[in-house]
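Participant: Sharing a structure, written as structure tokens. Questions coming.
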Amino acid sequence: MSVSRDAGSAGTTTTETLLFRGAQLEGSGAADLLVEDGRIVEVGPGLSRAGATVVDAAGLIVLPGLVDLHTHLREPGYEASETILSGSRAAAAGGYTAVFAMPNTSPVADTAGVVEQELALGEAAGYVTVQPIGAVTVGQKGERLAELGAMADSRARVRVFSDDGFCVWDPLIMRRALEYVKAFGGVIAQHAQDPRLTEGAQMNEGSVSAELGLAGWPAVAEESIIARDVLLAEHVGSRLHVCHLSTAGSVEIIRWAKRRGVDVTAEVTPHHLLLTDELVRDYDARYKVNPPLRREEDVLAVREGLADGTIDIVATDHAPHPAESKACEWHAAANGMVGLESALRVVQQSMVDTGLITWGDVARVMSREPARIGRLAGHGTPLTEGHPASLTFYDPAPVRAFTTADLRGRSANSPYLGRELPGEVRWTLHQGTVTVADGALLDAPGVRA
């Protein structure tokens with residue numbers, strides 16, 4: 001790939017005009033894109049602009065900037081694992097321009113003050129839009145509703161609420177939460193896990209857990225909560241979002257609920273699209289995650305569900321941990337995987353290269369729909385004139401092993417280390433500001449290293 005300038009240029013600035021030539025618009029026809037003052041100002045063949053930085057984008061797929069509805073940034077409280085700055089850098093490296101930050105921080109993001117602090121830290125970092133998610137209950141303890149209205153009215157304008165990591169198990173509290181957020185168009189994002197059915201669970205319940213002698217996590221622990229909650233959402237006429245759906249039965253419940261007209265959406269993680277519980281046989285804690293890796297049959301079912309629209313989006317559930325939380329016995333290891341830098345590559349391998357979805361579908365499930373569900377303006381917008389220039393330019397051709405050199409956060413608990421994955425993010429623009437240029441993450445957004 002080459003980068004040059006049209007005649008008349010006079011140096012690089014953070015507000016430079018960028019002309020990308022020959023990119024494939026969501027994998028379809030090639031066109032040039034002219035970016036200026038944070039917006040797409042022209043799309044079409046044979047564009048030119050004096051003084052513009054010209055990027056040869058032939059062979060690259062341009063997508064609306066990726067949006068992750070499920071990211072753990074750990075700050076405040078757990079900065080040894082991740083910070084909003086380091087997580088934002090990891091997101092930009094993976095092609096993301098917006099992430100929704102989960103509330104399991106210390107203090108928990110259950111007040112207007114905490115979510116406004118997270119918003120300010122994201123703005124200061126500058127790599128992506130950081131949109132806080134508020135806790136449903138105080139301290140994520142499941143006992144009483146948090147300050148949902150105050151968080152919604154705050155400068156962070158929270159519209160997604162979740163106790164992720166904990167299920168809102170009390171049906172009355174779940175009903176009240178669903179009713180409350182209706183007033184301002186909010187959504188409750190449920191971590192579907194019946195706590196009584198998963199006490200002491202170490203991995204997916206099945207033949208592998210039986211062979212290894214590990215306590216199993218049954219699929220019904222997820223499916224029973226989803227079934228209950230879609231009925232509650234239907235009853236009160238509110239929006240429900242199901243986090244990290246992982247079983248074939250869960251796909252069928254969501255399919256059934258959508259046929260009934262329930263306002264429910266669902267997400268699947270990249271790792272549940274690719275990895276199975278067979279990987280647990282080596283007791284490598286990189287593969288310990290919540291919900292657990294499931295059977296091959298479940299992987300195939302969630303792929304089908306994403307392909308046919310039953311599952312609405314891909315969300316990373318990026319969950320960084322320091323090395324000592326994973327370099328220990330399986331039963332003591334923390335749940336979670338980092339996933340921002342690898343997500344697009346995994347989706348290419350599991351969904352695009354298998355012929356299940358197109359690049360236009362990728363734009364839908366990794367940008368447009370997450371932005372719509374989260375009510376996040378300025379993201380997931382069409383690749384047409386006048387829209388914000390939050391963009392991802394991706395090369396699907398390379399195939400190489402994923403390594404620690406690909407990671408930009410503070411933690412290295414990736415399940416893909418050493419695994420060959422296709423593709424590479426070449427450019428990321430956040431509202432017109434370059435964060436990744438020629439495949440290199442910039443030390444400061446918009447400033448070439």
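The values are calculated or read from the model by the stated rules, or taken from the named source; none is laboratory data. A quick note: this is a predicted structure, and the numbers were derived from the prediction, not measured. Methodologically, a virtual Cβ is constructed for each residue, glycine included, from the backbone with ideal geometry; neighbour enumeration extends over all protein chains shown. Areas reflect the complete protein model, heavy atoms only, side chains present, ligands, DNA and RNA absent. Shrake-Rupley method; radii C 1.70, N 1.55, O 1.52, S 1.80 Å.
Participant: Please grab the % of Cα pairs in the chain that end up more than 29 Å from each other.
Facilitator: 44 percent
Participant: What residue among ALA285, GLY360, GLY432 has its Cα farthest toward the positive end of the dipole of the chain, where the charges are +1 on Lys, Arg and -1 on Asp, Glu, each on the Cβ?
Facilitator: So the residue we want is GLY432.
Participant: Sticking with this one: From largest to smallest, what semi-axes in whole angstrom does segment 157-306 give when each is the square root of 5 times an eigenvalue of its alpha carbon gyration tensor?
Facilitator: The answer is 28, 16, 13 Å, longest axis first.
Participant: Here's another thing I want to ask about it. Treating only the Cβ of Lys, Arg, Asp and Glu as charged (+1, +1, -1, -1), what charge dipole size does the chain show about its Cα centre? Round to the nearest 20 debye.
Facilitator: That gives a dipole near 620 debye.
Participant: Given H placed on each backbone N at 1.01 Å, which residues far from HIS70 in sequence or on other chains put an amide H within less than 5 Å of it?
Facilitator: Under 5 Å from the amide H of HIS70 lie the amide H atoms of PHE100, THR316, ASP317, each far enough along the sequence or on another chain.
Participant: Quickly rank 336-343, 403-410, 229-236 as a protection proxy: mean count of other C-beta atoms within 10 Å, highest first.
Facilitator: Highest-to-lowest ranking by the protection proxy: 336-343, 229-236, 403-410.
Participant: Could you list which residues have their amide H under 5 Å from that of GLY59, counting only those 5 or more apart in sequence or on another chain, with H placed in the peptide plane?
Facilitator: When sequence neighbours closer than 5 places are left aside, the close amide H contacts are GLN24.
Participant: By the scheme Lys and Arg +1, Asp and Glu -1, what is the net charge of all other residues having a beta-carbon under 12 Å from that of THR310?
Facilitator: Here the count lands on -1.
Participant: Below 12 angstrom from the Cβ of GLY374, what's the summed charge of the other residues (Lys, Arg +1; Asp, Glu -1)?
Facilitator: So the environment of GLY374 carries a net charge of +2.
Participant: Moving on to the next point. How much accessible surface area, in Å² rounded to 10, belongs to the heavy atoms of PHE184 with a 1.4 Å probe?
Facilitator: PHE184 exposes around 50 Å² with every protein chain in place.
Participant: Using θ = phi - 60° and the Karplus relation 6.51 cos²θ - 1.76 cosθ + 1.60, list the HN-Hα couplings for segment 314-326 in order, rounded to whole Hz, with x at every Gly or Pro.
Facilitator: In residue order, the calculated couplings are 9, 10, 6, 6, 3, 9, x, 9, x, 4, 5, 7, 10 Hz.
Participant: Comparing GLY27, GLY360, GLY216, which has the greatest mean-square fluctuation in the GNM of the chain with Cα pairs linked when under 10 Å apart?
Facilitator: GLY360
Participant: Given +1 on the Cβ of Lys and Arg, -1 on the Cβ of Asp and Glu, and no further charges, what dipole in debye does segment 10-136 carry about its Cα centre, rounded to the nearest 20?
Facilitator: I would put it at about 240 debye.
Participant: Can you list residues from other chains, or at least 5 along the same chain, whose modelled amide H is less than 5 Å from the amide H of MET203?
Facilitator: Under 5 Å from the amide H of MET203: TRP217.
Participant: Here is a further query. How much length would be gained if the chain were fully extended between ALA444 and VAL399, taking 0.36 nm per residue of separation minus their Cα-Cα distance, in nm to one decimal?
Facilitator: 13.4 nm
Participant: Could you give the length gained on full extension between HIS235 and ARG259, defined as 0.36 nm per residue of separation minus the Cα-Cα distance, in nm?
Facilitator: Length gained, HIS235 through ARG259: 7.1 nm.
Participant: Against the globular-protein guess of 2.2 N^0.38 Å, express the Cα radius of gyration of segment 356-441 as a ratio, rounded to two decimals.
Facilitator: My calculation over the Cα atoms of segment 356-441 gives 1.23.
Participant: Cβ under 15 Å from LEU214's Cβ, LEU214 left aside: what net charge do those residues give with Lys, Arg +1 and Asp, Glu -1?
Facilitator: Summing Lys and Arg as +1 and Asp and Glu as -1 gives -4.
Participant: Also, I was wondering about something else. When all alpha-carbon pairs of segment 379-427 are counted, what percent fall beyond 17 Å?
Facilitator: Percent of Cα pairs beyond 17 Å in segment 379-427: 53.
Participant: How much solvent-accessible surface does THR384 expose, in Å² to the nearest 10, with a 1.4 Å probe and all protein chains in place?
Facilitator: 70 Å²
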